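Peer 1: Attaching a single structure in structure tokens format; questions to follow.
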């Protein structure tokens, strides 16, 4: 019954994924599992066998920040930083399905990720301002692969 | 107190037959777990009373959605994102697609399953009003075979249901005959996402020349379990919508519902909202032209 969150943080030392509420309410521990966003605090690790997991460590590629990470930096989308990895993963999930989201789509995609610093507006603005390169989908795939190898 | 992983034995046989064998070998000893959005919360809080769990995640028979000319059959472990993305559900069973979009957040919708929502049996379950309004049937399975009950008979008490100790919820059947019904669903909660309903009402009705020929009202948080409002339905069958019909439906509704005071709302507020939701639905029905 070990949680995916604990395996990531404690066994694999991938501490980018944060624990907030531990009950699926706050989104701090969001990661992507086989291309879907999940709260890793609610995933028993046994169910992860054979699955591809992408954590925030897998967003940047070849030492270059993901466009979302650059946008969060430029637009003040992060303050204390605890919610940021989850915000980035939920945003990456949105952009993969919807590369040019409107504000209501951004709000829905991030509705399960709580932030107590920014007041959310700068996070929403960061996502809206993100310019994905043409090959973004491809790099998302390769970084998933990289995280998987890190297991 | 935090949950202790060593206190819970989780197995994942990976196929349905093996899960059913486990349930049959030790009836009541195993707790099925699918997306974990309910049980893992209880685990984290140290209040999961389930020493032995069997995983249903990733078992193909349990998460397929089959469409036949007569019905849509949803595997119990289909997630709410699966429902939202399914073309037939999104067009013919709008209320269910809408309810799916209200479950927690995207991360919860990708893991939470329709069957889990029903087996958990919360009086406030988001999917229940829609399934009641669509006259859903529940199919259960065990090594002894399969059987079906109307969803309106599935819940038998607070957090109790018709499943026997060796049975698993297998599928939810939706009859494809609501294309001409007026359909309605509204949830009243504190915010749009991550909120549990204070009250929700789902409804379908079929009218003929302004007369209500069929009506189904499915309610959440108005009784110890999700329930059809059968007495209120009876008061409306065969009626045309007039001020008098609506007022008498209010009286029956207020006598029929049994809301409680709890952390999310009060019984008094729930009664008032229930009446308002019924009103909103009834006033959306096509009215006969001579009526005002």
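Peer 1: Quick check on my filter: what residues within the range A:18-29 are facing chain B (nearest Cβ under 7 Å) and more than 12 Å from residue B:105 (Cβ to Cβ)?
Peer 2: Let us first name the residues in the range A:18-29 that are facing chain B (nearest Cβ under 7 Å), namely A:22-25, A:27.
Result: A:22, A:23.
Peer 1: Whether any residue in the range B:6-23 is more than 9 Å from chain A (Cβ to nearest Cβ), in contact with a helix residue (DSSP H, G or I) (Cβ under 7 Å, 6 or more places away or on another chain) and assigned to a loop (DSSP other than H, G, I, E, B) is what I want to check.
Peer 2: Yes, the range B:6-23 contains at least one residue that is more than 9 Å from chain A (Cβ to nearest Cβ), in contact with a helix residue (DSSP H, G or I) (Cβ under 7 Å, 6 or more places away or on another chain) and assigned to a loop (DSSP other than H, G, I, E, B).
Peer 1: Being out of contact with any strand residue (DSSP E or B) (no Cβ under 8 Å at 6 or more places or on another chain) and either in contact (Cβ under 8 Å) with a residue 40 or more places away in the chain or not assigned by TED's automatic domain parsing to the domain that holds residue B:21 (or both) is the filter here, so list the residues in the range B:48-59 that pass it. If you could, list the steps in order and put the result at the bottom.
Peer 2: So in the range B:48-59, the residues out of contact with any strand residue (DSSP E or B) (no Cβ under 8 Å at 6 or more places or on another chain) come out as B:48-49, B:58-59.
Passing the criteria: B:48, B:58, B:59.
Peer 1: Checking the structure you have, find out if any residue of the range B:28-38 is within 11 Å of chain A (Cβ to nearest Cβ), assigned to a helix (DSSP H, G or I) and either surrounded by 13 or more Cβ atoms within 10 Å (Cβ to Cβ) or in contact with a helix residue (DSSP H, G or I) (Cβ under 8 Å, 6 or more places away or on another chain) (or both).
Peer 2: For the range B:28-38, residues within 11 Å of chain A (Cβ to nearest Cβ), assigned to a helix (DSSP H, G or I) and either surrounded by 13 or more Cβ atoms within 10 Å (Cβ to Cβ) or in contact with a helix residue (DSSP H, G or I) (Cβ under 8 Å, 6 or more places away or on another chain) (or both): absent.
Peer 1: Regarding residue B:48, is this residue more than 30 Å from residue B:176 (Cβ to Cβ), within 14 Å of another protein chain (Cβ to nearest Cβ) and in contact with a helix residue (DSSP H, G or I) (Cβ under 6 Å, 6 or more places away or on another chain)?
Peer 2: On the way: more than 30 Å from residue B:176 (Cβ to Cβ): yes; within 14 Å of another protein chain (Cβ to nearest Cβ): yes; in contact with a helix residue (DSSP H, G or I) (Cβ under 6 Å, 6 or more places away or on another chain): yes.
When the stated conditions are applied, residue B:48 passes them.
Peer 1: In the range A:99-113, what residues are buried (at least 22 other Cβ atoms within 10 Å of the Cβ) and facing another protein chain (nearest Cβ under 9 Å)? Step through it out loud before you land on a result.
Peer 2: Step one: filter the range A:99-113 for residues buried (at least 22 other Cβ atoms within 10 Å of the Cβ), giving A:106, A:109-110, A:112-113.
Correct list: A:109, A:110, A:112, A:113.
Peer 1: Restricting the range A:30-46 to residues that are in contact with a strand residue (DSSP E or B) (Cβ under 6 Å, 6 or more places away or on another chain), farther than 20 Å from residue A:115 by Cα and within 7 Å of chain B (Cβ to nearest Cβ), which is surrounded by the most Cβ atoms within 10 Å (Cβ to Cβ)?
Peer 2: Per the stated criteria, the residue is A:44.
Peer 1: Could you go through the range A:72-87 and let me know if any residue there is surrounded by 22 or more Cβ atoms within 10 Å (Cβ to Cβ), at pLDDT 95 or above, out of contact with any helix residue (DSSP H, G or I) (no Cβ under 6 Å at 6 or more places or on another chain) and not in a loop (DSSP other than H, G, I, E, B). Step through it out loud before you land on a result.
Peer 2: Going through the range A:72-87, the residues surrounded by 22 or more Cβ atoms within 10 Å (Cβ to Cβ) turn out to be A:72, A:77, A:83-87.
Filter once more, so that each one left must be at pLDDT 95 or above: A:72, A:77, A:83-87.
Narrowing further to those that are out of contact with any helix residue (DSSP H, G or I) (no Cβ under 6 Å at 6 or more places or on another chain): A:83-84, A:86.
Checking which are not in a loop (DSSP other than H, G, I, E, B) leaves us with A:84, A:86.
Within the range A:72-87, one or more residues are surrounded by 22 or more Cβ atoms within 10 Å (Cβ to Cβ), at pLDDT 95 or above, out of contact with any helix residue (DSSP H, G or I) (no Cβ under 6 Å at 6 or more places or on another chain) and not in a loop (DSSP other than H, G, I, E, B).
Peer 1: If I ask for residues that are more than 7 Å from every other protein chain (Cβ to nearest Cβ), over 14 Å from residue B:86 (Cα atoms) and surrounded by fewer than 24 Cβ atoms within 10 Å (Cβ to Cβ), which ones from the range B:96-110 would you list? Show your work before the answer.
Peer 2: To start, the set of residues in the range B:96-110 that are more than 7 Å from every other protein chain (Cβ to nearest Cβ) comprises B:96-103, B:109.
Filter again for over 14 Å from residue B:86 (Cα atoms), leaving B:102-103.
Residue satisfying the conditions is B:102 alone.
Peer 1: So which residues in the range B:103-138 are under 24 Å from residue B:166 (Cα atoms) and either without any contact (Cβ under 8 Å) to a residue 40 or more places away in the chain or outside the structural domain of residue B:161 (by TED's automatic domain parsing) (or both)?
Peer 2: Within the range B:103-138, B:117, B:136, B:137, B:138 meet the criteria.
Peer 1: Suppose the filter is under 25 Å from residue B:180 (Cα atoms) and part of a helix (DSSP H, G or I); does residue B:107 pass it?
Peer 2: On the way: under 25 Å from residue B:180 (Cα atoms): no; part of a helix (DSSP H, G or I): yes.
So residue B:107 does not fit the description; no.
Peer 1: Out of all the residues in the range B:66-91, which are without any contact (Cβ under 8 Å) to a residue 12 or more places away in the chain and touching a helix residue (DSSP H, G or I) at 6+ places or on another chain (Cβ under 7 Å)?
Peer 2: B:90
Peer 1: Moving to a separate point now. Does residue B:257 satisfy being crowded, with 17+ Cβ neighbours inside 10 Å and over 23 Å from residue B:135 (Cα atoms)? Explain how you work it out, then say what you get.
Peer 2: Numbers: crowded, with 17+ Cβ neighbours inside 10 Å: yes; over 23 Å from residue B:135 (Cα atoms): no.
The answer is no for residue B:257.
For every residue, the table says whether it meets (1) within 14 Å of chain A (Cβ to nearest Cβ); (2) in contact with a strand residue (DSSP E or B) (Cβ under 6 Å, 6 or more places away or on another chain).
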{"residue": "B:157", "(1), (2)": "no, no"}
{"residue": "B:162", "(1), (2)": "no, yes"}
{"residue": "B:166", "(1), (2)": "no, yes"}
{"residue": "B:172", "(1), (2)": "no, yes"}
{"residue": "B:191", "(1), (2)": "yes, no"}
{"residue": "B:202", "(1), (2)": "no, yes"}
{"residue": "B:211", "(1), (2)": "no, yes"}
{"residue": "B:215", "(1), (2)": "no, yes"}
{"residue": "B:226", "(1), (2)": "no, yes"}
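Peer 1: How many of the residues making up the range A:10-29 are over 27 Å from residue B:52 (Cα atoms) and touching a strand residue (DSSP E or B) at 6+ places or on another chain (Cβ under 8 Å)?
Peer 2: Counting residues in the range A:10-29 that are over 27 Å from residue B:52 (Cα atoms) and touching a strand residue (DSSP E or B) at 6+ places or on another chain (Cβ under 8 Å) gives 2.
Peer 1: Sticking with this structure for a sec: Within the range B:65-91, work out how many residues are surrounded by 20 or more Cβ atoms within 10 Å (Cβ to Cβ) and either within 14 Å of chain A (Cβ to nearest Cβ) or assigned to a helix (DSSP H, G or I) (or both).
Peer 2: Of the residues in that region, 8 qualify.
Peer 1: Which numbered condition in (1) part of a helix (DSSP H, G or I); (2) away from chain A (no Cβ under 14 Å); (3) closer than 20 Å to residue A:39 by Cβ is the only one that residue B:116 fails?
Peer 2: (2)
Peer 1: If you go through the range B:1-18, how many residues are closer than 26 Å to residue A:6 by Cβ and surrounded by 12 or more Cβ atoms within 10 Å (Cβ to Cβ)?
Peer 2: Initial filter on the range B:1-18 (closer than 26 Å to residue A:6 by Cβ): B:1-14.
Then keep just the ones that are surrounded by 12 or more Cβ atoms within 10 Å (Cβ to Cβ); that gives B:3, B:5, B:7-14.
Total satisfying the criteria: 10.
The values are calculated or read from the model by the stated rules, or taken from the named source; none is laboratory data. All figures in this text were calculated on a predicted structure; none of them were measured in a lab. Neighbour counts run over all protein chains shown; Cβ positions are idealised from the backbone, glycine included.
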